[in-house]
1. Counting helices only, and only those DSSP H runs with n ≥ 4, report the 222 nm mean residue ellipticity of the protein assembly as shown as the sum of -39,500 (n - 2.57) divided by its residues, in deg cm²/dmol to the nearest 500.
2. Over 22 Å between Cα atoms, which of B:K243/B:K299; B:K34/B:K87; A:K214/A:K298 qualify?
3. Subtract the Cα-Cα distance of A:F87 and A:T136 from 0.36 nm times their separation in residues, and report this length gain in nm to one decimal.
4. Round to a whole number: what % of the accessible area of the protein assembly as shown belongs to carbon and sulfur, probe 1.4 Å?
5. In Å and on Cα atoms, what radius of gyration and Dmax does chain A show?
6. From the backbone phi of segment A:314-330, what are the Karplus-calculated ³J(HN,Hα) couplings (6.51 cos²θ - 1.76 cosθ + 1.60, θ = phi - 60°) in whole Hz, Gly and Pro given as x?
7. With a 1.4 Å probe and every protein chain left in place, work out the accessible area per residue of segment A:40-144 in Å², rounded to a whole number.
8. For A:T163 and A:S121 in one chain, what is 0.36 nm times their gap in residues minus the Cα-Cα distance, to one decimal in nm?
Amino acid sequence: MAHTDGVADGTEDSGRASLIYDPKVRGVFFQAILIIVVAYLVYSGISNAAGNLARAGIASGFDFFGERAGFEIGQTLVHYTNDSTYFRAFLVGLLNTLMVSALGILFATIIGFIVGLARLSRNYLIRKLATVYVETLRNIPLLLQLLFWYKAVLAVLPNPRETGLEQGTTVLWTLNNRGLYIPRLIPEAGASAILVAAIIAIALWVVIGMWAGKRQMRTGQQFPTFLTGLAILVGLPLLTFFLTGMPFDVEFSALQGFNMSGGTVIRPEFIALLLGLSLYTASFIAEIVRAGILAVAKGQTEAAYALGLSPNHTSRLVIIPQAMRVIIPPLTSQYLNLTKNSSLAVAIGYPDLVAVFGGTVLNQTGQAVEVITITMLVYLTISLLTSAFMNWFNSRVALVER
Amino acid sequence: MKYSFLSAVAGVAVAAGLGATAASAATLDDVKAKGFVQCGVSTGLAGFSAPDDAGDWKGIDVDLCRGVAAAIFDDASAVKYSPLSAKERFTALQSGEIDILSRNTTWTMSRDTELGLNFAGVNYYDGQGFMVRKSLGVNSALQLSGASVCVQTGTTTELNLTDYFKANNMTYNPVVFEKLEEVNAAYDSNRCDVYTTDQSGLYAIRLGLSAPDDHVVLPEVISKEPLGPVVRQGDDQWFSIVKWVHFAMINAEELGVTSENVDEMMDSENPNIMRLLGKEGTFGEAVGLENDWAYQVIKNVGNYGEVFEANVGESTPLGIARGLNALWTNGGLQYAPPVR
């Protein structure tokens with residue numbers, strides 16, 4: 001070997017080795033060969049599949065996206081009828097997946113943090129209850145939990161006709177085995193002003209926060225940013241609401257024939273899925289939170305007390321920021337798990353992406369390769385975006401070495 | 001880094017290699033080589049394809065597969081069953097996992113032309129219907145507006161349902177499941193007001209509910225559902241075998257040949273029967289089978305009428321009348337081209 005450890009061997013010019021022995025050139029060469037081989041294999045794989053599909057007489061391509069779907073979907077966040085296209089159906093499924101994932105992540109995080117802190121509580125009962133919660137929920141398969149919520153809890157609710165409601169009489173809310181019925185707000189002209197007001201309020205909150213931070217650095221005086229911000233966030237849209245003359249119409253639900261009609265309905269499939277995903281993932285998040293807090297050395301707490309910080313300030317300013325560095329990476333995995341687990345929806349009839357697009361659309365069009373590829377790409381994209389966001393957040397709270 | 005790269009290459013190579021083995025032509029040779037027919041059936045629909053209490057598959061769809069096995073191997077039990085959901089069935093057939101799909105599958109144009117499949121006949125003429133609780137007091141499907149409807153995904157049922165409600169200016173809320181058992185459980189627990197699928201299926205499912213007598217199948221039939229066996233496109237010999245096993249069973253009923261009397265019928269002087277049972281001509285050899293192929297089908301499985309009566313007929317719990325499935329000579333639609 002002419003070169004070791006990349007250190008020049010002293011003999012200048014005279015012993016200049018051939019390019020073959022240059023580790024850098026060799027590395028590039030082998031990587032290039034590998035890329036060509038991989039590219040060829042991918043290409044031949046795709047053309048092989050396409051060739052086989054054509055030979056077997058199976059239609060392929062993405063033209064089906066523009067065709068009429070012709071079926072109904074139980075829960076739609078965007079306007080959808082049976083006359084909509086397959087692409088619209090895809091969109092409905094995607095939004096249903098995103099909604100249950102986003103809400104699941106929100107609730108799982110809240111419950112997880114509470115239970116995680118409860119496991120460290122000094123109160124015996126709270127601590128043990130939290131332990132029982134974690135050990136029960138994280139040790140039962142999620143699919144069973146979903147079936148439990150759907151079949152054992154929600155399916156035994158009474159039928160709407162058995163809840164004692166009178167035909168045609170409106171109610172504020174009602175819960176039956178067709179779902180939770182709540183009033184629906186129908187926006188009228190001017191309603192968008194309230195949304196604008198809310199956005200302005202959030203912007204104001206941020207500005208006040210920045211101003212308060214600077215002032216504190218300069219003068220040491222604190223400003224109640226949170227309370228002020230909350231007051232603005234509630235007050236400004238509320239003021240707009242009254243100024244624009246309450247531009248909402250409220251629609252209540254009522255028993256009509258077989259079913260409730262009117263109002264907003266939250267279907268039992270959705271409730272079961274959200275409950276199952278949130279409670280299951282929360283049990284893992286609770287352990288992650290507990291681990292994160294325990295990872296902060298006890299000396300940190302003692303030092304904070306020695307400096308005269310209150311217990312509240314100690315946890316908010318000393319413990320939690322350091323614990324977050326330990327918590328966030330595994331938390332990201334849990335968020336990804338929750339999103340992917342939402343595809344178990346197919347077992348309890350929630351119309352998510354897999355059920356609507358990978359199920360019904362696949363079967364109506366018969367184009368398995370395209371549909372499954374798109375479904376996989378969608379999950380990959382959602383996961384990568386979640387990861388990217390969490391990595392960004394992680395770098396915000398990571399230890400900055402000065 | 002390099003290792004993960006290499007293993008990725010290996011993965012792609014394996015995937016490409018698998019793709020190359022798909023779509024082989026001579027199904028009959030493959031079946032003979034492995035010694036059994038791989039038959040795609042439902043996950044359990046009484047009368048059509050469902051395991052009995054001894055674990056043996058029974059039903060008219062099952063008997064078609066048994067007939068094919070009898071024609072090839074002289075042994076109706078040389079069949080292995082793959083229970084498939086509605087969603088899985090076509091992919092299983094396209095990929096070569098099964099040889100015949102005999103799973104109450106509706107013959108439609110798009111399935112026949114776009115999926116690379118061929119329908120080999122109609123072994124049951126069905127139509128989509130509705131089942132409701134008697135307590136609803138409904139006696140026509142036209143009174144169902146606003147109802148929650150339980151339906152299985154991946155079926156023509158989902159589309160017919162939409163069309164019917166749309167044509168009659170009615171609304172409904174679909175509750176869609178992938179597996180038949182899940183739809184049954186949801187309907188049984190009153191999650192839905194209405195259950196819709198093919199009428200034959202409704203009768204079968206009604207028997208499995210906790211209180212069958214509380215439910216009624218509405219009279220409306222909202223679609224044509226010709227159910228039949230399916231094979232892959234591109235293998236005409238196999239297509240012919242499946243088609244003619246079905247026709248042989250219908251012809252046998254028409255000619256009065258049953259599993260009981262088929263041995264006596266071997267001495268028949270009727271040229272139609274002689275051709276069917278292989279006493280005259282070489283019809284079996286033309287599709288790669290023995291000349292007594294139809295004899296074996298009838299001897300081991302029975303004619304169409306026997307199969308119908310044994311699985312779904314008046315004497316069974318399903319109690320379905322022949323109706324459209326009677327022979328053409330009796331005013332029904334079952335009609336087979338002659339063996340000639």
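1. Details: 25 runs with 361 residues, N = 742.
Dividing the helical sum by the residues of the protein assembly as shown leaves -16000 deg cm²/dmol.
2. Over 22 Å apart, Cα to Cα: B:K34/B:K87; A:K214/A:K298.
3. Net length gain for the segment: 13.6 nm.
4. On the way: 22560 of 36130 Å².
Taking all protein chains in place, the protein assembly as shown shows 62 percent carbon and sulfur surface.
5. Values for chain A (Cα only, Rg and Dmax): 28.8, 102 Å.
6. 4, 6, 6, 9, 10, 6, 4, x, 6, 5, 4, 4, 7, 6, 4, x, x
7. Working: 5660 Å² over 105 residues.
Here the residues of segment A:40-144 average 54 Å² of exposed surface.
8. Details: separation 42, 0.36 × 42 = 15.12 nm, distance 4.19 nm.
Stretched fully, the A:T163-A:S121 segment lengthens by 10.9 nm.
The values are calculated or read from the model by the stated rules, or taken from the named source; none is laboratory data. Because the structure is a prediction, the values reported are computed rather than measured. Quick reminder, even Gly has a Cβ in these numbers, built from the backbone with ideal geometry, and neighbours come from all protein chains shown. Surface accessibility is based on the protein's heavy atoms, side chains included, excluding ligands, DNA and RNA. Shrake-Rupley method; radii C 1.70, N 1.55, O 1.52, S 1.80 Å.
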